[in-house]
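Trainee: Take this structure first; my questions come after.
The values are calculated or read from the model by the stated rules, or taken from the named source; none is laboratory data. In this text, all values refer to a predicted model and were calculated from it rather than measured experimentally. FYI the Cβ positions are ideal-geometry reconstructions off the backbone, even for glycines, and counts take in every protein chain you see. Each accessible area value is taken on the protein alone, full model and side chains, heavy atoms only, with ligands, DNA and RNA left out. Shrake-Rupley method; radii C 1.70, N 1.55, O 1.52, S 1.80 Å.
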Amino acid sequence: TYRWMQTMLFAIDEINRNDHLLPNITLGYKIYDSCSASFHALRASMELMGGVEEGWERSCRGMVPVVIGDGSSTLSVAVARFLGVFHVPQVATCFSVGTKLIPLIQHFGWTWVGVVVGDDTYLLEGAQIFSEEVQKVSVCMALHEIIPRNHTAGAMASIVARIRSSGSRVVLVFALEHDTVALFDEVLQQGLIGVQWLTSEAWTTAFVLSTPSRFLPILQGSLGFAIRRLVHLPGLQEFLLHLNPLNPDTPKDPFLPIFWEEVFGCSLQGAQGGSVPGFKPLCTGSEKLENVRNIFSDVSQLRVTYNVYKAVYAVAHALQAIKNCEKGRGTFPLQNCPDTDSLQPWQLLQYLKHVEFFNLYGDEIKFDKNGDPAAVYDLLNWQLGANGQVEFVTVGTYDESLGTKKLHIQEEDIIWNRNQTTIPVSVCSNSCPPGTRKAHRPHFPVCCFDCVVCTAGEISNQTDATECVRCLPEFWSNEGRTACNHKEVDFLSYGDIMGITLLTVALLGSLCTATVILIFACHCATPIVRANNSELSFLLLFSLALCFLCSLTFIGRPSEWSCMLRHTAFGITFVLCISCVLGKTLVVLMAFRATLPGTNSIKWFRPPQQRAIITLCTLAQVVICSVWLAVAPPTPRRLTTHESDLAILVCDEGSALCFSLVLGYIGLLASLCLLLAFLARKLPDNFNEARLITCSMLIFCAVWVAFVPAYISSPGKYSTATEVFAILASSYGLLACLFLPKCYIILLRPEKNTRTHLMAKSVPDNRF
């Protein structure tokens, strides 16, 4: 801080010797020691506002119009609030609390960050602002600890323990130097390692932390912003080294003897400000600052020092603007100019706000509407130099004048904590990969979450997705839940077990029917085959064979032709089959009635009439199917739902009315057959033809009555399988009931296959 004060004197001396800046005007100054305490700083401010004090040069009279602030942001803020009452401007460096670190935290993807702050009003307010702003960019606070002013051992140990337990690997320390020393002493004592420390401007280049090698194991790799460094300020080092309290050419300075005795450890007995004799050896007069290496004479890190230099020049240029003001072109109402002989602080403040110039080193000095200069910072990385000392390596810059892209980082130059070259990870929860979504943990910050795999049919194709997106009905999620693929088409195929089973049963039915036809053909001359119109029997067997075969059209990939064929073939073949059964029923019924005296009805049911009945009944179904195909034919349709990974390919009926008419017409004929057969069940008949027809129609009707609700409730291809099952079950029922007894007699009981046995009357069984 003494170097900063001397830099102000150096800048004032430069300006006073400059013939172009404030010619014929000499700048003066008053310097107070704030003692790093608000009380002393405010007391000094009140004295400044009171005019001339005893012991100062009488050439400087009246209220001081401007103040170069204290090196401490806390004291500068306190003084600024007091000076604001008198409208006195203060040019000072108020260190940012860390909002400039937010882009840095975002850049490296840290979302779980801790903050340790000193117990100071300015620091606490700034830390609160940082916490609020950082949460706006989805970064969570792992901890927020306050360093007590008395640095009690228990409190410091508790802070370090909480840092350890928080799990955060990145911690921002916004505190003054003496607070950070107390903190890192405890960190060393507890052996806390693996933490990436982020520094605030207050201690980024602190000598007290960087010089002792004991802090290097934990602070190596630390990152933080510091005021932009000026490489070289010509004449400053010579000015600093020229100071000597024993030199009569050195300006009177009450702080210099104290400084001198501290640096050289000797006593300036008799010199103004010297210590009491006897405590230190007397200074010999041969002491020279150029022979001592310390922070005072080190001008390699001109950061705050350069800000002090620029602050003095900003005041000088404001005064120059006041001096050059032309009447009628001023910045005040009526465009008046201030009176330089009675300059008021508020007038100087107005001109300070409009200062804009480039200094000798190419830097632009100006202030925005809030009185802040453009923030330009160096991003420093604490690295171990070849000499074993800490080196502050510039690995990036932050420049608000660059617009949206303010932060530039050379990542390859950064050495991280514990000499690592990989970026440390500091998150409460690891990122959720594609295929998962974030599920917030109750009672935890938003950065703490679990990764939940997307449910089937949903995907997430980005990292840290908050929601899974449902695929469109035609698509389904892949195994990794990262993309939607076309659903696999499913249908009743010849390749799956159900299709193979139904195919086998259908072919077996066709084979059984063909076997019966062969048996009947071989025994066509026998009475049991010739009875009841053998032509009807063969036609019925043919239609049953078609019924078995038409079920095959329901198996396989549905197409436009197969959809039209399956329903029409089914409807027509079944009507043909039932028509034949109806014909046989009528023949049985009329044959018995023909034996009654005076009855001649049998002539109306001879073979030509039977063929006509079958043809008309079948033709009616053909007409219904033709209208169906013309109006709204069955077509293939995909059935897709959000809950299934399959797209079911089925045949849509097209017209529900036509489909109902086809089934209804079959049901009507079956009901009529059942009714007639039931009426003829007690007729004397050795071969029980009426009873067999009744039994077959009961099975047929039971199957198709059960089919309707089963068909409606069966999903996808199972509805098709239900329809095939109904076709096969009813066909097997007809084949078994109508022809199995006859085949039994033909093959196993040939003695009953005679005309005598056939013509014998039997007593009907009343139990049926």
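Trainee: What number of residues within the range 465-481 satisfy the criterion of being open to solvent by less than 50 Å² (accessible area, probe 1.4 Å) and of a type in the set (S, T, N, Q)?
Mentor: Applying the first criterion (open to solvent by less than 50 Å² (accessible area, probe 1.4 Å)) to the range 465-481 yields 465, 468, 471, 473, 476-478, 480.
Those still in the list that are of a type in the set (S, T, N, Q) too: 477-478.
Result for the range 465-481: 2.
Trainee: Which one of Gly396, Gly495, Gly499 is under 30 Å from Phe548 (Cβ atoms), of a type in the set (Gly, Ala, Ser) and open to solvent by less than 30 Å² (accessible area, probe 1.4 Å)? I'd like the intermediate steps shown before the answer.
Mentor: On the way: Gly396 fails: under 30 Å from Phe548 (Cβ atoms); Gly495 fails: open to solvent by less than 30 Å² (accessible area, probe 1.4 Å).
Going through Gly396, Gly495, Gly499 in turn, the sole match is Gly499.
Trainee: Looking at the range 134-154, which of its residues are more than 41 Å from the chain's Cα centre (by Cα) and among the hydrophobic types (A, V, I, L, M, F, W, C)? Can you show your working first?
Mentor: Of the residues in the range 134-154, the ones more than 41 Å from the chain's Cα centre (by Cα) are 149-154.
Once the filter is applied, which keeps residues that are more than 41 Å from the chain's Cα centre (by Cα) and among the hydrophobic types (A, V, I, L, M, F, W, C), the range 134-154 yields only Ala153.
Trainee: If you don't mind, there's one more thing I want to ask. Quick one: in the range 314-332, of everything that is in contact with a strand residue (DSSP E or B) (Cβ under 7 Å, 6 or more places away or on another chain) and either open to solvent by 10 Å² or more (accessible area, probe 1.4 Å) or free of Cβ contacts under 8 Å to residues at least 24 places away in the same chain (or both), which residue is nearest to Gln90 (Cα to Cα)?
Mentor: Here is the first cut: in the range 314-332, the ones in contact with a strand residue (DSSP E or B) (Cβ under 7 Å, 6 or more places away or on another chain) are 314-315, 317.
If we keep only those that are either open to solvent by 10 Å² or more (accessible area, probe 1.4 Å) or free of Cβ contacts under 8 Å to residues at least 24 places away in the same chain (or both) too, we end up with 315, 317.
Working: Val315: 10, His317: 15 Å.
Filtering the range 314-332 for residues that are in contact with a strand residue (DSSP E or B) (Cβ under 7 Å, 6 or more places away or on another chain) and either open to solvent by 10 Å² or more (accessible area, probe 1.4 Å) or free of Cβ contacts under 8 Å to residues at least 24 places away in the same chain (or both), the one nearest to Gln90 (Cα to Cα) comes out as Val315.
Trainee: Let me ask another. Considering only the range 1-51, state which residues are free of Cβ contacts under 8 Å to residues at least 40 places away in the same chain and small (Gly, Ala, Ser).
Mentor: Listed by number, the residues that qualify are Gly28, Ser36, Ala37, Ala41, Ala44, Ser45, Gly50, Gly51.
Trainee: Tell me which residues, restricted to the range 259-291, are at pLDDT 90 or above and β-branched (Val, Ile, Thr).
Mentor: Hit for the range 259-291 is Val263, nothing else.
Trainee: Is there a residue in the range 710-723 that is more than 52 Å from the chain's Cα centre (by Cα), in a helix (DSSP H, G or I) and without any contact (Cβ under 8 Å) to a residue 24 or more places away in the chain?
Mentor: Step one: list which residues in the range 710-723 are more than 52 Å from the chain's Cα centre (by Cα), which gives none.
No.
Trainee: Say whether the condition of being at pLDDT 85 or above, part of a strand (DSSP E or B) and either open to solvent by less than 40 Å² (accessible area, probe 1.4 Å) or touching a helix residue (DSSP H, G or I) at 6+ places or on another chain (Cβ under 9 Å) (or both) is met by at least one residue in the range 617-636.
Mentor: Of the residues in the range 617-636, the ones at pLDDT 85 or above are 617-636.
Imposing the further condition that a residue be part of a strand (DSSP E or B) reduces the set to 635-636.
From what's left, either open to solvent by less than 40 Å² (accessible area, probe 1.4 Å) or touching a helix residue (DSSP H, G or I) at 6+ places or on another chain (Cβ under 9 Å) (or both): 635-636.
Yes.
Trainee: Also: Just one of Gln389, Gln335, Gln350, Gln344 is open to solvent by 40 Å² or more (accessible area, probe 1.4 Å), of a type in the set (S, T, N, Q) and closer than 28 Å to Phe239 by Cα; which is it? Quick ask: steps written out before the conclusion?
Mentor: Numbers: Gln335 fails: closer than 28 Å to Phe239 by Cα; Gln350 fails: closer than 28 Å to Phe239 by Cα; Gln344 fails: closer than 28 Å to Phe239 by Cα.
From the options Gln389, Gln335, Gln350, Gln344, the qualifying one is Gln389.
Trainee: Any chance you could count how many residues in the range 707-719 are open to solvent by less than 60 Å² (accessible area, probe 1.4 Å) and at pLDDT 85 or above? Walk me through it before giving the result.
Mentor: Taking the range 707-719 as the starting set, the residues that turn out to be open to solvent by less than 60 Å² (accessible area, probe 1.4 Å) are 707, 710-711, 714, 716-717, 719.
Filter once more, so that each one left must be at pLDDT 85 or above: 710.
Total satisfying the criteria: 1.
Trainee: Show the residue pairs that are 6+ apart or on different chains and have beta-carbon atoms under 9 Å apart, the first residue being within the range 420-435 and closer than 19 Å to Leu104 by Cβ and free of Cβ contacts under 8 Å to residues at least 24 places away in the same chain, the second being open to solvent by less than 70 Å² (accessible area, probe 1.4 Å) and in a loop (DSSP other than H, G, I, E, B).
Mentor: Sorted first by the residue in the range 420-435, then by its partner, the pairs are Thr421/Ile414; Thr421/Ile415; Thr422/Trp416.
Trainee: Does the range 1-13 hold any residues that are open to solvent by 40 Å² or more (accessible area, probe 1.4 Å) and either of a type outside the set (S, T, N, Q) or part of a helix (DSSP H, G or I) (or both), and which are they? It would help to see each step written out before you state the result.
Mentor: In the first step, residues of the range 1-13 are kept if they are open to solvent by 40 Å² or more (accessible area, probe 1.4 Å); the result is 1, 4, 13.
Trp4, Asp13, listed by residue number.
Trainee: Looking at the range 2-21, is at least one residue more than 23 Å from Ala314 (Cα to Cα) and over 59 Å from the mean Cα position of the chain (by Cα)?
Mentor: The initial filter retains those residues of the range 2-21 that are more than 23 Å from Ala314 (Cα to Cα), namely none.
Within the range 2-21, none of the residues are more than 23 Å from Ala314 (Cα to Cα) and over 59 Å from the mean Cα position of the chain (by Cα).
Trainee: Condition first: open to solvent by less than 50 Å² (accessible area, probe 1.4 Å), farther than 17 Å from Gln6 by Cα and part of a loop (DSSP other than H, G, I, E, B). Now tell me which residues in the range 25-42 satisfy that. Explain how you work it out, then say what you get.
Mentor: Of all residues in the range 25-42, those open to solvent by less than 50 Å² (accessible area, probe 1.4 Å) come to 27-28, 30-31, 34, 37, 41.
Keeping just the survivors that are farther than 17 Å from Gln6 by Cα gives 37, 41.
Within the range 25-42, just Ala37 meets the criteria.
Trainee: Same structure again: Out of curiosity, is Leu282 under 48 Å from the mean Cα position of the chain (by Cα) and not basic (Lys, Arg)?
Mentor: No: the conditions fail for Leu282.
Trainee: Also: Out of the range 641-674, which residues are loosely packed, with under 15 Cβ neighbours inside 10 Å and at pLDDT below 85?
Mentor: Scanning the range 641-674 gives Thr641, His642, Glu643.
Trainee: On to the next question. With surrounded by 17 or more Cβ atoms within 10 Å (Cβ to Cβ) and over 30 Å from Tyr377 (Cα atoms) as the only criterion, which of Pro245, Pro254 stands out?
Mentor: It is Pro245.
Trainee: Which residue, of Leu546, Leu518, Leu576, Leu508, is over 30 Å from His642 (Cα atoms), surrounded by fewer than 17 Cβ atoms within 10 Å (Cβ to Cβ) and either more than 60 Å from the chain's Cα centre (by Cα) or among the charged types (D, E, K, R) (or both)? I'd like the intermediate steps shown before the answer.
Mentor: Numbers: Leu546 fails: surrounded by fewer than 17 Cβ atoms within 10 Å (Cβ to Cβ); Leu576 fails: surrounded by fewer than 17 Cβ atoms within 10 Å (Cβ to Cβ); Leu508 fails: either more than 60 Å from the chain's Cα centre (by Cα) or among the charged types (D, E, K, R) (or both).
Matching residue, one of Leu546, Leu518, Leu576, Leu508: Leu518.
Trainee: Just to be sure, is Thr599 touching a Lys or Arg at 6+ places or on another chain (Cβ under 6 Å) and either at pLDDT below 85 or not in a helix (DSSP H, G or I) (or both)? Before the answer, list the steps.
Mentor: Details: touching a Lys or Arg at 6+ places or on another chain (Cβ under 6 Å): yes; either at pLDDT below 85 or not in a helix (DSSP H, G or I) (or both): yes.
It is true that Thr599 is touching a Lys or Arg at 6+ places or on another chain (Cβ under 6 Å) and either at pLDDT below 85 or not in a helix (DSSP H, G or I) (or both).
Trainee: Further, regarding this structure: For the range 238-259, name all the residues that are under 21 Å from Val299 (Cα atoms) and touching a helix residue (DSSP H, G or I) at 6+ places or on another chain (Cβ under 9 Å).
Mentor: Those that are under 21 Å from Val299 (Cα atoms) and touching a helix residue (DSSP H, G or I) at 6+ places or on another chain (Cβ under 9 Å): Phe239, Leu240, Leu241, His242, Leu243, Asn244, Thr250, Phe255, Leu256, Phe259.
Trainee: Sticking with this one: So, in the range 521-543, how many residues would count as being part of a loop (DSSP other than H, G, I, E, B) and open to solvent by 50 Å² or more (accessible area, probe 1.4 Å)?
Mentor: Step one: of the range 521-543, the residues part of a loop (DSSP other than H, G, I, E, B) are 523-526, 531-533.
Applying the additional criterion that residues be open to solvent by 50 Å² or more (accessible area, probe 1.4 Å) yields 523-525.
The total comes to 3.
Trainee: Right, another one. Residues in the range 432-440: is at least one charged (D, E, K, R) and either open to solvent by 50 Å² or more (accessible area, probe 1.4 Å) or under 24 Å from Cys140 (Cβ atoms) (or both)?
Mentor: Residues of the range 432-440 charged (D, E, K, R): 437-438.
From the residues that got through so far, the ones that are either open to solvent by 50 Å² or more (accessible area, probe 1.4 Å) or under 24 Å from Cys140 (Cβ atoms) (or both) too are 437-438.
Checking the range 432-440: at least one residue is charged (D, E, K, R) and either open to solvent by 50 Å² or more (accessible area, probe 1.4 Å) or under 24 Å from Cys140 (Cβ atoms) (or both).
Trainee: Test Val117 against the stated conditions and say whether it is within 21 Å of Leu75 (Cβ to Cβ) and buried (at least 23 other Cβ atoms within 10 Å of the Cβ). Step through it out loud before you land on a result.
Mentor: Details: within 21 Å of Leu75 (Cβ to Cβ): yes; buried (at least 23 other Cβ atoms within 10 Å of the Cβ): yes.
When the stated conditions are applied, Val117 passes them.
Trainee: Then there is this: Assess whether Leu747 counts as being open to solvent by less than 30 Å² (accessible area, probe 1.4 Å), in contact (Cβ under 8 Å) with a residue 12 or more places away in the chain and in a helix (DSSP H, G or I). Step through it out loud before you land on a result.
Mentor: Working: open to solvent by less than 30 Å² (accessible area, probe 1.4 Å): no; in contact (Cβ under 8 Å) with a residue 12 or more places away in the chain: yes; in a helix (DSSP H, G or I): yes.
Answer is no for this residue.
Trainee: Given the options Leu219, Leu192, name the one that is of a type in the set (A, V, I, L, M, F, W, C), open to solvent by less than 30 Å² (accessible area, probe 1.4 Å) and out of contact with any strand residue (DSSP E or B) (no Cβ under 8 Å at 6 or more places or on another chain).
Mentor: On the way: Leu219 fails: out of contact with any strand residue (DSSP E or B) (no Cβ under 8 Å at 6 or more places or on another chain).
That would be Leu192, the only listed residue that is of a type in the set (A, V, I, L, M, F, W, C), open to solvent by less than 30 Å² (accessible area, probe 1.4 Å) and out of contact with any strand residue (DSSP E or B) (no Cβ under 8 Å at 6 or more places or on another chain).
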